[in-house]
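Notes follow once the structure below has been shown.
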Amino acid sequence: MSTVRGDSVRAPRGRAPHFRAPRLRRLPLHAGAALTVLVCLFPVYWMITTALKPSRDIQSSDPHLVPHSWTLEHFRTAVNAPGFAQFWRNSLLVTAGAVLLSLLVALAAAYAVARMRWRGRRPFVLAVFIAQMAPWESLIIPVYIIARDTGMLDRLLTLTLVYFMVTLPFTVIVLRGFLATIPPELEEAAQVDGCTRLGAFRRVALPLLAPGLMATSLFGFITAWNEFAYANFLIIKNQDQRTLPVWLSSFQNTFGTDWGATMAASTLFALPALAVFLLLQRHVTSGLATGAVKG
Amino acid sequence: MSATEEHAPPRRRPARTSAPPAPPRRPTRDRSGPWPYLLIAPAVLGMLYLLLYPLARAVLISLQDFRLRELISGDAEFVGLANYRALLTDPRFWTVVRRTFLFMAVNVALIMVLALLVALMTERLGRVWRTVVLSSLVLAWAMPVVAATTVFQWLFHSEFGIVNRALTSLGAHSFERYPWFAHGTAAFAILVTLVVWQSVPFAAITLYSALTTVPAELHESARLDGAGAFRILRSVTFPLIRPIVMLVLCLEVIWTFKAFVQIWVMTKGGPGDATTILPIYAVQTALSRQRYDLGSAASMITVVLMSGVLVLYFRQLFRQENES
């Protein structure tokens, strides 16, 4: 389950037979590893260095793999682009709204599923599992038409609701899993000591749920922050309501051949996601991988 | 599903302290009263209005004559399966379907082979190398789709792109100012590269996690029995991680349709039709040509094609949960 925990426990197996192997025999292995690292990182590296290079170096006939001189000019161009602050605010609002709504609704549902017995619980869980695989790419047309009919086009609230629904099933499934590992006796003891059921949940189970809340809000953040299709087709006339991915996708139209500024904008947009992933890497590799596959 | 059942016994105790002391072992099925239903109500309402209703609406529109006029006036005429008939007799639609399957097959094959290789390699690495490889996989995985797409456009830029520069300096002079996005096959290949680059990290990390759960003793005993590395992989390791491999495979097949974003941002389905796959075709038909009815019908055909894979996925998932 956990890659990191797995490492320390199983360290002997992966390596023991190879310890005695001569250095030369491990060469292809290390070459493969180096190639993997190179292929994974080069686009990210190239994005950041292009953003930091002066324009004449970007367009020179002899591109340097390591920039010779640095500049923040492209970042200034990107930050001063019209609407930059507005689109950041929109993206943050939509993301935060969707994540909070999804956590709240999912927490209630997960509690009902993990802690209570009621008729219809199994069908509900099945429905959530199916909803997790909803074909969102095929629902753009009806969602567009419904939003148009109800006057919800060009509104951030519409995007918030869509992203809430995209992340909700996964959040319910993961929180249910985490709740199931917390013994209900803990809450019952708190109730015996005079807590209400809600108070027992808040004081006892909620703190223990922190890793689950972390994993699910991370997933929600990444989903909502990156989402492009709905943001592109539901925000049409009122361009002030656009979010960052849509802004970035049209960046080249505004900035033409200014690839330095385009890469600076990409870097600024990617930075929160990259930072969050790197900081939480251990939880990501174990939590998200198992969560997404095993539910 | 078994996961919920494992925790059933402790719940037999009365859940609420306010309830009168009940005789032990009495089923608490009806004890919770309306609470569970109130707790799931927001989730159920969300699923009904934001998921089931759009799906039903798409089915309805695909059975109507629904164009710009009907979008504005709001009343559409029911035409039965006419839209589906129009689509299925359109050679262009069949070309798109074939291209969708080609795109899916190439992507999934590359993703699975590369991910399996990376996972096997990562497992054999020492601690430092393994951390480095896993970190770079996570970093590539975390790269937002639109940002990655923009970066790939820059990498393959005809004049200043590093790929053309590198190929030219290696002696392939035909790549000097080669316009990748003007040639159908080249644009298709770049999109495949981009999707594979973004999908391998998740698959590789998941498969690596699965590999770490294979008991070491099995390898040892197979080795003592004289099995070679490849034989161990085929007869010991692979059967054990097969369920996870199947799950990842199904997910990657389903996620092929998420490539909508990369394709839309990079080529909008062009040049010509060269990178148009089903979701792109549906949205173009509906929102650019205002044929909402045909677009919905194409979407529904996509959903039907996908649900076949989805059924496989769920069978695997529930078998997996029952075993664990």
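Readers should treat all values here as calculations from the given coordinates under stated rules, not as data from a laboratory. Just so you know, these numbers come straight off a predicted model, no measurement behind them. We place every Cβ from the backbone using ideal geometry, glycine too, and count neighbours over all the protein chains shown.
Data overview
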quantity	calculated
Per-residue HN-Hα couplings for region A:214-219 [Karplus 6.51, -1.76, 1.60; θ = phi - 60°; Hz; x = Gly/Pro]	4, 4, 6, 6, 4, 4
Three-way shape label, the protein assembly as shown, alpha-carbon gyration tensor, a/c 1.5	oblate
Residue among B:Arg291, B:Arg99, B:Arg124 with the largest mean-square fluctuation in a Gaussian network model of chain B, springs linking Cα atoms under 10 Å	B:Arg124
Sorted by Cβ neighbour density within 10 Å, fewest at the top, the residues B:Lys258, A:Lys237, A:Lys53	A:Lys237, B:Lys258, A:Lys53
Three-way shape call for chain A based on the alpha-carbon gyration tensor, with the a/c threshold at 1.5	oblate
Under 26 Å between alpha carbons - lysine pairs in the protein assembly as shown that sit 8 or more apart or on different chains	4
Exposure proxy ranking, count of Cβ atoms within 10 Å, fewest first, for A:Thr181, A:Thr49, B:Thr149, A:Thr36	A:Thr181, A:Thr49, A:Thr36, B:Thr149
Environment charge of B:Arg98, counting only residues whose C-beta is closer than 12 Å and scoring Lys/Arg +1, Asp/Glu -1	+1
Cα centroid separation - region B:160-180 against region B:259-324, whole Å	34
For B:His157, A:His74, A:His30, order by how many other beta-carbon atoms lie within 10 Å, fewest first	A:His30, B:His157, A:His74
Whole-Å distance, taken between Cα centres, linking region B:129-156 and region A:28-73	13
Cut-off 15 Å between beta-carbons: net charge of the residues surrounding A:Asn238, Lys and Arg +1, Asp and Glu -1	+3
Around B:Gly272: net Lys/Arg minus Asp/Glu count, Cβ-Cβ under 12 Å	+2
